[in-house]
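Chemist: Mind looking over this structure? Questions follow.
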Amino acid sequence: MLKSLIKKNAEDTVETVTKEGFRIFDALASVDPPPRWPDRTRKALNELTKLQGVGAATASLLLSTYQPNDVPFFSDELYKWCFWEEGTGKGWDRVLKYTAQEYARLCDRVDTFKTRWQGGDTLFVDDDSGVSALNIEKVAYTLGKQFEALNPTVPKKRKQATKKEMDERRALVRKRCEPFARSILGDDHYNETSDESEQPEEEESSSRPRRRRKANGP
């Protein structure tokens, strides 16, 4: 449904709307004093969402590709991690509405994280130094996918994952994702946001006695 709507946009319309959205974004970034962070993205997003099939999340993706250092992509993982709390429906199982209001809150939260991490006003930096919005989104994606790998949702008709399969998934996730997440967050914060439900399982002891080999042959 969404893909078919997006295909209805003419190429010249896409070019005109995106250029205007980026122009608005740049114009607001150069205002002195600059407007509040949600306002900086809101007007640009209002322009980008004129395209058919483009909502707040997709518009944020377009804007983040234009300015990945400062503009966060409105991804499930990023929002859920930034507003993660204990309790059902407040963590990785939170349901999003993908509204402009949610994205405004997300922009504020990401900016707060960047400022706390680096110190001072880090908005609209031209270089790639320090922690970017893209870095933060990558960490959130890593932790979200780690949670999915360690807590798979198995359909009723499918066989439950075996302990061996779970161990293989854990090993793969740690190998690919953990070093990057730890380098950004640090060990303490990474451990807090990782899956706390993971518990070591005791190996099942075999009730069948081992066969003893004869001294002179099998």
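The values are calculated or read from the model by the stated rules, or taken from the named source; none is laboratory data. Here the structure is a predicted model, which means the values were calculated and not measured. Note that each Cβ is placed from the backbone with ideal geometry, even for glycine, and that neighbours are counted across all protein chains shown.
Chemist: When the residues of region 72-103 are narrowed to those that are under 11 Å from the mean Cα position of the chain (by Cα) and part of a loop (DSSP other than H, G, I, E, B), which ends up surrounded by the fewest Cβ atoms within 10 Å (Cβ to Cβ)?
Modeler: 92
Chemist: Under 6 Å by Cβ, and 6 or more places apart or on different chains, what pairs join a residue from region 5-24 that is among the acidic types (Asp, Glu) with one that is surrounded by 13 or more Cβ atoms within 10 Å (Cβ to Cβ)?
Modeler: The qualifying pairs are 20/47.
Chemist: Could you please let me know if residue 58 is polar (S, T, N, Q) and more than 22 Å from residue 138 (Cβ to Cβ)?
Modeler: Answer is no for this residue.
Chemist: Every residue in region 83-109 that is acidic (Asp, Glu) and closer than 15 Å to residue 73 by Cβ, please.
Modeler: Hit for region 83-109 is 102, nothing else.
Chemist: Keeping to region 78-126, report how many residues are on the phi > 0 side of the Ramachandran plot and modelled with pLDDT of 85 or more.
Modeler: Residues flagged as on the phi > 0 side of the Ramachandran plot and modelled with pLDDT of 85 or more within region 78-126 amount to 3.
Yes or no, residue by residue, for (1) part of a helix (DSSP H, G or I); (2) at pLDDT 95 or above:
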residue: 18; (1), (2): yes, yes
residue: 25; (1), (2): yes, no
residue: 35; (1), (2): no, no
residue: 43; (1), (2): yes, no
residue: 46; (1), (2): yes, no
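Chemist: For region 48-60, what are the residues that are part of a loop (DSSP other than H, G, I, E, B), among the polar types (S, T, N, Q) and within 20 Å of residue 76 (Cα to Cα)?
Modeler: Answer for region 48-60, where residues must be part of a loop (DSSP other than H, G, I, E, B), among the polar types (S, T, N, Q) and within 20 Å of residue 76 (Cα to Cα): just 49.
Chemist: Further question: Just checking, does region 19-32 include any residue being among the charged types (D, E, K, R) and within 24 Å of the chain's Cα centre (by Cα)?
Modeler: No; the residues of region 19-32 include none that is among the charged types (D, E, K, R) and within 24 Å of the chain's Cα centre (by Cα).
Chemist: Suppose we keep only residues that are in a helix (DSSP H, G or I) and among the hydrophobic types (A, V, I, L, M, F, W, C) within region 61-71. Which one would you say is surrounded by the most Cβ atoms within 10 Å (Cβ to Cβ)?
Modeler: 63
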